[in-house]
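Reading through the structure tokens given below for one structure.
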Amino acid sequence: MFYQTESKPKCWRAVASLETHRDRLLCLGYSASHVQAEYVPAFMEVLSDEEREQVRAISLQRWQEIPGEGKWLHFADLDIPETITPRRAA
């Protein structure tokens with residue numbers, strides 16, 4: 001039996017693909033626009049400096065089918081945020 005715990009399921013997500021062929025979940029949201037607004041701060045918070053340098057793509061994905069059954073489908077590519085690295089002392 002499936003118990004829905006939220007009034008509206010989180011059907012969208014942003015996923016970063018790293019050069020090491022690993023994926024990292026950046027954020028979940030109720031809509032594409034919600035995820036697009038939240039993925040840049042999540043990029044800075046969730047990933048380490050080393051992981052941010054290894055990101056080769058960020059995918060906006062949506063859930064296909066009903067909760068508990070289905071799969072994530074690629075919807076669009078998101079821009080990789082530019083990271084600001086502090087200058088090293090000479």
Which one of these does TRP63 not meet: (1) in a strand (DSSP E or B); (2) closer than 13 Å to ALA16 by Cβ?
(2)
Residue identified as at pLDDT 95 or above and either touching a Phe, Trp or Tyr at 6+ places or on another chain (Cβ under 7 Å) or on the phi > 0 side of the Ramachandran plot (or both) among LEU60, LEU18, LEU25
LEU60
Determine whether GLU45 is touching an Asp or Glu at 6+ places or on another chain (Cβ under 9 Å) and surrounded by fewer than 18 Cβ atoms within 10 Å (Cβ to Cβ).
no
Within region 18-29, is even one residue aliphatic (A, V, I, L, M), surrounded by 12 or more Cβ atoms within 10 Å (Cβ to Cβ), touching a residue at least 24 places away in the same chain (Cβ under 8 Å) and not in a strand (DSSP E or B)?
no
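The values are calculated or read from the model by the stated rules, or taken from the named source; none is laboratory data. Everything numeric here is computed off the predicted structure, so don't read it as measured data. Heads up, the Cβs are rebuilt from the backbone with ideal geometry, glycines too, and the neighbour counts pull from every protein chain shown.
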